[in-house]
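Here, each number is a calculation from the coordinates, and none is a lab measurement. As the structure is a computational prediction, the values presented were derived from the model and not from experiment. Because the Cβ atoms are built from the backbone with ideal geometry, glycine has one as well, and the counts that use them run over all protein chains shown.
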Amino acid sequence: MQLSRSLSVAYAVFLLLAGITAGPSHAAGALPKLAGTWRVERITDTDIATGKVVYPYGEQPKGYIVYDPTGHLSVQIMRTPAVRPFASGDDAAGSDAEVRAAYDGYVAYFGTYEVDAERGVVVHKVEGSLMPSYTGTDQPRPFRIEGDVLTIEGDSDGVHFLRRLKRVR
């Protein structure tokens, strides 16, 4: 009995350390592959009709998407170059234009995620966001992983979006 209990505990610890989770909302094998910290490398939006490429967070954005092994996520991305400090020197006393520039130059949200490996989609289930319209929504993201590169890519409302991230080791 003691040996059986010890083996069960050892197996549970192994699964935790290996980043393996099981649950009805996650496709087998997909969650551990996606779990980790991913550094933003490139973000582009391309107008499908004109082919015009836009860099919504600059040509060298900074940020991370963290998918943890329990099914939680955090997204933090900022524009580069970064927004300059407010002229007043007080973050709580920026002008309307300064506050708008800071808001437009940053995206942040958190929640949980589910992976549909057969469709190649991760759904971000947003619990809280800097953007009020995101809170309480599901945000499907077509994705693929090639080595240490995560690509989130698809089409929406006449725009082809591309988010390329690299796994942090």
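If the chain linking Ala82 and Val159 were pulled fully straight, counting 0.36 nm for each residue of separation and taking away their Cα-Cα distance, it would gain 25.2 nm. Pairs of Cα atoms nearer than 8 Å and 6+ residues apart set the relative contact order; for the stretch 86-166 it is 16 percent. Take the Cα of Phe110, step 7 Å along the line toward its Cβ, and report every residue of the stretch 58-87 whose backbone nitrogen sits under 16 Å from that point. Under cut-off, by backbone N: 64-77.
A simple spin-label model places the labels of Ile145 and Asp47 3.6 nm from each other, with each point 7 Å out along Cα-to-Cβ. Straight-line reach from Lys125: taking Cα to Cα under 16 Å and skipping same-chain neighbours fewer than 8 places apart, the aspartates and glutamates in range are Asp68, Glu114, Asp116, Asp138. If the label point is 7 Å along Cα→Cβ of Lys166, which residues in the stretch 61-99 have backbone nitrogen under 16 Å from it? Only 61-65 fall inside the zone, counting backbone N under 16 Å.
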